[in-house]
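Trainee: Let me begin by handing over the structure; questions about it come next.
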Amino acid sequence: MFTPDRSKYPEIVDGKAVIDLDSGKYLKLWQGPQHPGVTGNMSLELIVCGDEVVDCKTHVGYLHRGFEKLMERRKFIQNFPIVCRICVPEPDTNEYLYAAAVEEVAGIKIPEQAKWLRTLNMEMSRLTSYLMWIGGHAGAFGLGPIGQWAVTHRDYMLDLFEEWTGGRVYHMYMIPGGVRNILPDGFDRRLEDTLQKIEKLMSEIEKVMLNNAVFKMRAVGLGIITKDMIDRYGVVGPIARAAGMKRDVRKNSPYLMYEHLDFDIITGTKSDAYERLLVRFREMFQSIDLIRQIMKYIDNSKNIHTKLPNVLHWKIPAGETYVKAESTRGEYGYFVVTDGSELPRRVYVRGPSYSHAVALLEDLIINVNIADVAGLMTSLHTYPPEIER
Amino acid sequence: MKEIIQRLKQQFTISNVNQQRVDLTFLSVKKEQAVSLISYLRDFEKFSHLVFLTAVDRVEDIQFQLTYMLHNYNTHQDLGIRVLIDREKAEMASIHHLWKQAGTYQRELKEMFGIDFPGSPRVDESFILEGWDNIPPMRRDFDTKKYSEETYFPRPGRESHDPESYMKSKLYPEGDA
Amino acid sequence: MSLKDILSPFYVWKRAFEKPYTTANPLTDRPGAPRYRGFHDNDMEKCIGCGTCADICQNAAIDMVPVEGIQTSKEDSGLRPKIDYGRCCWCALCVDICTTNSLNMTREYTWVDTDPDKFRILAGAQENFWTGKETGYKLGEGYKLLDHDRITMPMVDPKEGIKSFIELVKGYSKEQAIKEADRCVQCGLCIATCPAHMDIPNYIKAIREDNIPEAVRILYETNPMSATCGRICTHRCEEVCSIGVNGDPIAIRWLKRYIIDQVDRKEIAKILRNEFKPNGKKVAVIGAGPAGLSAAYYLTTVGYSVTIFETNEKAGGMVRYGIPEYRMPYEQLDKDIDAILDMGVELKTGVEIGVTESFDDIYKNYDAVFLSVGLQDSYSLSITGEHLPGVIPGIQLLDDVTKGQIPDLGKKVIVIGGGNTAMDAARTARRLAANVTILYRRREEDMPADQEEIEEAKREGVKFITRAIPVHIDLGENKKIILHWNKAEMLDQGPGKRPKPVLIVGEAYTEAVDTVISAIGQSPIYKLLPEEIGSQIKFKREKVITDKYGQTSLPKIFAGGDIVNDIADAISAIADGHRAAQGIDLYLSKQVKVK
């Protein structure tokens, strides 16, 4: 069982830290919501003693757009453009899960080729999201140029998404019933070019970040998550894998076409910020490999969409389901309840950051140096819209 | 999964078992037995992961449906536990002692649905909505459109016509052939 | 920690000598991808203003507004989408659902302006910097949201069909009807075209929701003869159906039939359950065709006591005596009529005005008279030999067959004409085992008959000779009739005018047949009107002139149906009857001449 080191200060009474701000020993410090070291729009209410954090509260609500409520007031097809907006760096997971949940309760089977295209979309989006993450992570440790390189390469990926789906950030591609378009001519070639560029970038990042004495000194040993914390805090995804857990939805509960792909679950052992970086770094290569594997199955001549009932008055019989997928941050899920009307009764979005950024972060941050708070947050890859859909 | 359901039936009153997929099952349990059932599943059936906890407003039945989604990493099974609670006096026993993140879910449910979880840490602190003075917004009877019309100002200058009535006014006004 | 870890990061300097990634001027150097979802573009000519784009928009970003220079017509609402870019989320569902494919998106995506109101755009109607630029996002291949394929109607095989007079169209099952109803986008464009302005989108919605009583109620609001119209309506609503622009229009007519097929006479009475107080006033209806029946129904629902006078043995008019049973089974017509009579309408058959009953008496004894006698006389061919035995009018044949007097047409029959009566006569002759040829003076595309009538006639083995003008008829050997006809060519009469058939010299043909059936149109007979009344009613080319409520120049007399409107079909007659009922009510309750 993990117990944060509270030996210095303050005293714990009835499970609560007794912090007397007037004592002059502590300082209250807000990190965020506008802070380069905070992922997205959230804020940390830190109590520091010297340069060490002794208490932390996570505050969200700066990005609440009420998606779940909005979806209850819109027709099934009208939610399709909404869901992607829950997550900017990786919208496709939302698109896929919403479509998959609706298809399941409505009893719609989608063509195999649509599944391949969705799988391709999901892996490309994973790579894109990781590129943005590694840039932010490097930035949190003061390695600015890597942030610029990585975001540039993310832009190359967005170029591909743009020519494929018509949109750079919000692709709105995986519509219930299948997908909206085939791949454009010459896409495979341009995709391969980009993948090679990214591989080159990765080798450079390895030199500049992974083999960087300063970075290592700060990241190794930062935010260690012990194995027994994993279930207790609901930890999933790369963070759990860095602690040695062989947990990956793609492998454990295969969806789309992942069971036809050749890959292994990447795990680590040390479970600190550096180990988590290593796991994600290797998963980026894994994604590149998966994209190449998927491209062999893409056939533009095949059917990509199952005819839906008229979407303007599409009613779905009463039912409920939970579908999940592996996002870059771990298990992402949609719990959809229908009541036979034209509108969903409830759409609940389960994001991994919900536990990572609140319960886990609040405990993990104790005794961390203020300068490493940003690094710790990015190593958890927290993302506020998942908390406050 | 069937064996687990059998074992559960020996100790708990469960109903409406629905196997939605090979790896996803839903079942309903009485409010009084819910926490012990969930503890049993966690401690003896290896449902060690709390995937989520959320509510569905069954306003027509004056009930809230809580759904606890649990996951077993050994068999890769998801199990959704439905618990119906009274909507008028919405209160449920807390499970924050079982999972750390449960407190966050319960805090959100208190704020968004008005479901109380006595004893849950910081359950009364506002989570997302600071300074909210209306009914809990995720309740079905909270009308977002009405709220936004009352709270914000629509920009003037927009008007739309329904093709059907517009054509009537142009082509065959009342009584015209 | 190794020396390598200290040296390796210096690799970063290598990048300083590489070409930068940045684009010098992203506003001009970076066009959107060919599929880019940029600002909207709408083809004003193709767009019909159905408003489906506005319906699907999840963010209420689209308004339907009138546009200068675009007229409202039956196939175009005259409205066009105006997009509020303060709300648009660029999902392009509006493009996917567009019934005409007129709405697309361009590749343009950068636009700066200080006036927020400028960002409300009538796409395609106003000049923008992206006007005429390349199209970006359009509907992808292999994916569409609209269903363009009509549910196939089960039909009797043509080979079986011509053996008897059984009904050819079998009707939709519940499942098929709901599926067909599901294709409708509920734009409501069809309502304006329907002469009765039936609430088509809502009765289709009622089918979708399997609410038959509601559907029946909606039907009877504007049309008390839905079993009839569900079969033989000329369904011009389907011609303006927005789904029909790129696919098969919704089978509106057959859906109407489906509704009424689900209920029997008793249920109809139960559903309608009209509670009206008799107002003590009496109205006479002359002619029990669709117009008369419709007027009688609507007058009864507001409390009038109505008597219908009909010469024939049964009510129904041309629907009974002019349309063959394989299209309009008599028991279905009876269902409509019985439902109307159930309301308390009095029907007097076998009445010949001027012979068994005097018009003057009716005129005196009733508070108002509705005249709907229809077109009883056939146009003559105006060629020599047309009075020979063996040359008969098409409506005569149809009338005889209805009355069970099957004529002997012989083996070979020629039908002259290209309208629905010609098709009905030809196909009836096929059922009487004759070889039938249709002779028409213009081209097939000029035929006034419904397209499906023409196609079904062909499937049943009717031969077509077009651009053929009959010249004269004489008697041949063995009681054969020799029809002399001449090939014609179509002479262009200038834009907007119908081309005229002109004889080609030297292209004369003859055809020896047993019977010639002429079906080139009908005209009214007004001999029932006494001189002093007839002289007070104004006519224009045989048609009675009325106001919009069917009132003639003689205030007490209203008229409707084929003797008034030029379209001369059942649904127009029903609409006339409904409007006349409203007119009579206005006239009698206020004693004013309306308008």
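Trainee: Kindly indicate whether B:M112 is among the aliphatic types (A, V, I, L, M) and touching a residue at least 60 places away in the same chain (Cβ under 8 Å).
Mentor: No, not satisfied.
Trainee: Moving to a separate point now. I want to confirm something. Restricting to segment C:135-151 and keeping residues that are modelled with pLDDT of 85 or more and more than 31 Å from the chain's Cα centre (by Cα), which single residue is most open to solvent (accessible area, probe 1.4 Å)?
Mentor: The selected residue is C:K138.
Trainee: Determine if segment A:266-277 includes at least one residue that is buried (at least 21 other Cβ atoms within 10 Å of the Cβ), in contact with a strand residue (DSSP E or B) (Cβ under 9 Å, 6 or more places away or on another chain), more than 14 Å from every other protein chain (Cβ to nearest Cβ) and at pLDDT below 95.
Mentor: no
Trainee: Looking at segment C:165-191, which of its residues are in a loop (DSSP other than H, G, I, E, B), open to solvent by 10 Å² or more (accessible area, probe 1.4 Å) and within 14 Å of chain B (Cβ to nearest Cβ)?
Mentor: C:C184, C:Q186, C:C187
Trainee: Select from segment A:354-368 the residues that are more than 7 Å from chain B (Cβ to nearest Cβ) and over 8 Å from A:L380 (Cβ atoms) and write down the one among them that is surrounded by the most Cβ atoms within 10 Å (Cβ to Cβ).
Mentor: A:I365
Trainee: From the set of residues in segment C:69-92 that are open to solvent by 30 Å² or more (accessible area, probe 1.4 Å) and within 9 Å of another protein chain (Cβ to nearest Cβ), which is farthest from the chain's Cα centre (by Cα)?
Mentor: So, considering only residues that are open to solvent by 30 Å² or more (accessible area, probe 1.4 Å) and within 9 Å of another protein chain (Cβ to nearest Cβ), the one farthest from the chain's Cα centre (by Cα) is C:G86.
Trainee: Name the strands (runs of 3 or more DSSP E) wholly within segment C:324-411 that hold at least 3 residues that are open to solvent by 50 Å² or more (accessible area, probe 1.4 Å) and either more than 29 Å from C:M155 (Cα to Cα) or modelled with pLDDT of 90 or more (or both)?
Mentor: C:346-348
Trainee: Exactly one of these conditions fails for C:H40: (1) within 22 Å of C:L146 (Cα to Cα); (2) open to solvent by less than 20 Å² (accessible area, probe 1.4 Å); (3) within 11 Å of chain A (Cβ to nearest Cβ). Give me its number.
Mentor: C:H40 satisfies all of (1) within 22 Å of C:L146 (Cα to Cα); (2) open to solvent by less than 20 Å² (accessible area, probe 1.4 Å); (3) within 11 Å of chain A (Cβ to nearest Cβ) except (3).
Trainee: For the list (1) open to solvent by less than 10 Å² (accessible area, probe 1.4 Å); (2) in contact with a strand residue (DSSP E or B) (Cβ under 8 Å, 6 or more places away or on another chain), I need the number of the one condition that A:E123 fails.
Mentor: Status for A:E123: all satisfied but (2).
Trainee: Can I ask one more? Select from segment A:250-264 the residues that are open to solvent by less than 30 Å² (accessible area, probe 1.4 Å) and in contact with a helix residue (DSSP H, G or I) (Cβ under 9 Å, 6 or more places away or on another chain) and list them in ascending order.
Mentor: If the condition is that a residue be open to solvent by less than 30 Å² (accessible area, probe 1.4 Å) and in contact with a helix residue (DSSP H, G or I) (Cβ under 9 Å, 6 or more places away or on another chain), then A:R250, A:Y255, A:L256, A:M257, A:Y258, A:L261, A:F263 are the ones that fit.
Trainee: How do the pairs read when you match residues in segment B:22-38 that are under 10 Å from B:L79 (Cα atoms) with residues anywhere that are open to solvent by 20 Å² or more (accessible area, probe 1.4 Å) and part of a loop (DSSP other than H, G, I, E, B), using Cβ under 8 Å and keeping only pairs 6 or more apart or on different chains?
Mentor: Once the first residue is under 10 Å from B:L79 (Cα atoms) and sits in segment B:22-38, its partners that are open to solvent by 20 Å² or more (accessible area, probe 1.4 Å) and part of a loop (DSSP other than H, G, I, E, B) give B:D23/B:H76; B:T25/B:M1.
Trainee: For segment A:150-237, give me every one of the helices (runs of 4 or more DSSP H) that falls completely inside it and has 1 or more residues that are within 11 Å of chain C (Cβ to nearest Cβ).
Mentor: In segment A:150-237, A:187-205, A:213-219 are the helices (runs of 4 or more DSSP H) which contain 1 or more residues that are within 11 Å of chain C (Cβ to nearest Cβ).
Trainee: Confirm whether A:E331 is facing another protein chain (nearest Cβ under 10 Å) and in contact with a His (Cβ under 6 Å, 6 or more places away or on another chain).
Mentor: no
Trainee: Would you please name the residue that is nearest to the other protein chains (Cβ to nearest Cβ), looking only at residues in segment C:43-68 that are open to solvent by 10 Å² or more (accessible area, probe 1.4 Å) and small (G, A, S)?
Mentor: Here the residue is C:A54.
Trainee: From the set of residues in segment C:550-567 that are more than 22 Å from the chain's Cα centre (by Cα) and open to solvent by less than 30 Å² (accessible area, probe 1.4 Å), which is nearest to C:R430 (Cα to Cα)?
Mentor: Only one residue tops the list, namely C:A559.
Trainee: Name the single residue, out of those in segment A:135-148 being crowded, with 22+ Cβ neighbours inside 10 Å and under 23 Å from A:D193 (Cα atoms), that is farthest from the other protein chains (Cβ to nearest Cβ).
Mentor: So the residue we want is A:G135.
Trainee: Can you work out which of the residues in segment C:291-312 that are out of contact with any Gly (no Cβ under 6 Å at 6 or more places or on another chain) and touching a residue at least 60 places away in the same chain (Cβ under 8 Å) is most open to solvent (accessible area, probe 1.4 Å)?
Mentor: Going through the qualifying residues, I end up with C:V302.
Trainee: On to the next question. Among what's in segment C:237-279 and is acidic (D, E) and open to solvent by 30 Å² or more (accessible area, probe 1.4 Å), pick the residue that is farthest from C:A570 (Cα to Cα).
Mentor: Applying the filter and picking the extreme gives C:E275.
Trainee: Go through segment C:509-546 and give me each residue that's of a type in the set (D, E, K, R) and more than 24 Å from C:I395 (Cβ to Cβ).
Mentor: C:E531, C:E532, C:K538
Trainee: While we're looking at this one, here's another question. Among residues belonging to segment A:77-96 that are away from every other protein chain (no Cβ under 12 Å) and of a type in the set (S, T, N, Q), point out the one that is nearest to the chain's Cα centre (by Cα).
Mentor: A:T93
Trainee: Of the residues that sit in segment B:48-80 and are open to solvent by less than 50 Å² (accessible area, probe 1.4 Å), without any contact (Cβ under 8 Å) to a residue 40 or more places away in the chain and more than 10 Å from chain A (Cβ to nearest Cβ), which one is farthest from A:R350 (Cα to Cα)?
Mentor: Residue satisfying both the conditions and the ranking: B:N72.
Trainee: Now a separate question. So how many residues does segment C:211-243 have that are at pLDDT 95 or above and at positive phi?
Mentor: The qualifying residues number 0.
Trainee: Report yes if A:G244 is in the same structural domain as A:M124 (by TED's automatic domain parsing), among the small types (G, A, S), assigned to a loop (DSSP other than H, G, I, E, B) and open to solvent by 10 Å² or more (accessible area, probe 1.4 Å), otherwise no.
Mentor: yes
Trainee: Continuing with this model, one more query. Search segment C:192-211 for residues being away from chain B (no Cβ under 14 Å) and surrounded by 20 or more Cβ atoms within 10 Å (Cβ to Cβ), and hand back the single one that is farthest from C:D566 (Cα to Cα).
Mentor: The qualifying residue farthest from C:D566 (Cα to Cα) is C:R208.
Trainee: What are the residue pairs meeting all of these: first residue in segment A:259-284, first residue within 24 Å of A:W116 (Cα to Cα) and β-branched (V, I, T), second residue open to solvent by 10 Å² or more (accessible area, probe 1.4 Å) and not in a helix (DSSP H, G or I), Cβ atoms under 8 Å, and 6 or more apart or on different chains?
Mentor: A:I265/A:K246; A:I265/A:R247
The values are calculated or read from the model by the stated rules, or taken from the named source; none is laboratory data. As the structure is a prediction and not an experimental result, all values here were calculated from the model. Note that we place each Cβ from the backbone using ideal geometry, even for glycine, and neighbour counts take in every protein chain shown. These accessible areas exclude ligands, DNA and RNA; they are computed on the full protein's heavy atoms, side chains included. Shrake-Rupley method; radii C 1.70, N 1.55, O 1.52, S 1.80 Å.
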